[in-house]
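Values in this text are rule-based calculations from the coordinates and carry no lab data. A quick note: this is a predicted structure, and the numbers were derived from the prediction, not measured. Positions of Cβ are generated from backbone atoms using ideal geometry, with glycine treated the same way; all protein chains shown enter the neighbour counts.
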Amino acid sequence: MDLTSLKMLTSTVVEIVHPDTLEPLGITITLASPDSAKVKAMRDERVNRRLQAMAKGRNKTVPTVDELESEALAMLVAATLGWSGIEIGSAELDCTPENVRNLYADPAFAWLRKQVDEAFGDQARFFQK
């Protein structure tokens with residue numbers, strides 16, 4: 001097989017569905033590939049910070065659940081390039097890093113974050129069909 005025939009995409013669009021009925025909600029979220037420069041830079045910065053702390057002897061413990069959760073949230077925030085159709089109350093919510101973080105961190109919207117997280121982790125979504 002000619003490996004150059006596999007074309008990696010830089011982003012994918014996730015259609016959010018109702019968590020019970022699986023009906024489309026008219027919400028889309030555009031995610032950068034986990035291998036995109038933006039996501040890779042954020043991931044590398046966090047890993048480098050942890051390695052530097054270890055080298056200086058300041059970090060001799062395993063990361064806490066809260067630290068891992070914070071890193072996973074930061075990764076999704078960095079990967080979220082845009083969205084459409086998201087309203088809180090009757091106002092459309094702009095896709096800013098702060099709004100993305102608040103939405104994904106809100107337990108009331110854990111079902112939405114789960115769909116985004118699953119799509120982000122699905123490597124096949126980031127290849128041209």
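Data overview
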{"quantity": "Residues satisfying the stated conditions in the stretch 9-37, i.e. closer than 19 Å to residue 103 by Cα and among the β-branched types (Val, Ile, Thr)", "calculated": "13, 14, 16, 17, 27, 28, 29, 30"}
{"quantity": "Pairs where the first residue, in the stretch 1-18, is acidic (Asp, Glu) and the second is part of a strand (DSSP E or B), C-beta under 9 Å, 6+ apart", "calculated": "15/24; 15/25; 15/26; 15/27; 15/28; 15/29"}
{"quantity": "Helices (runs of 4 or more DSSP H) (entirely within the stretch 30-129) containing at least 1 residues that are without any contact (Cβ under 8 Å) to a residue 24 or more places away in the chain and more than 17 Å from the chain's Cα centre (by Cα)", "calculated": "37-55, 65-79"}
{"quantity": "Number of positions in the stretch 116-129 that are within 14 Å of residue 72 (Cα to Cα) and either exposed (fewer than 12 other Cβ atoms within 10 Å of the Cβ) or not hydrophobic (A, V, I, L, M, F, W, C) (or both)", "calculated": "3"}
{"quantity": "Breaking point among (1) among the small types (Gly, Ala, Ser); (2) within 23 Å of residue 106 (Cβ to Cβ); (3) surrounded by 12 or more Cβ atoms within 10 Å (Cβ to Cβ), for residue 11", "calculated": "(2)"}
{"quantity": "Residues that are surrounded by 15 or more Cβ atoms within 10 Å (Cβ to Cβ) and closer than 17 Å to residue 39 by Cβ, drawn from the stretch 70-94", "calculated": "71, 73, 74, 75, 76, 77, 78, 79, 80, 81, 83"}
{"quantity": "Conditions (1) assigned to a strand (DSSP E or B); (2) more than 20 Å from the chain's Cα centre (by Cα); (3) not small (Gly, Ala, Ser): number failed by residue 12", "calculated": "(2)"}
{"quantity": "Filter result for the condition that a residue is surrounded by 12 or more Cβ atoms within 10 Å (Cβ to Cβ) and more than 19 Å from residue 12 (Cβ to Cβ), over 97, 107, 24, 63", "calculated": "63"}
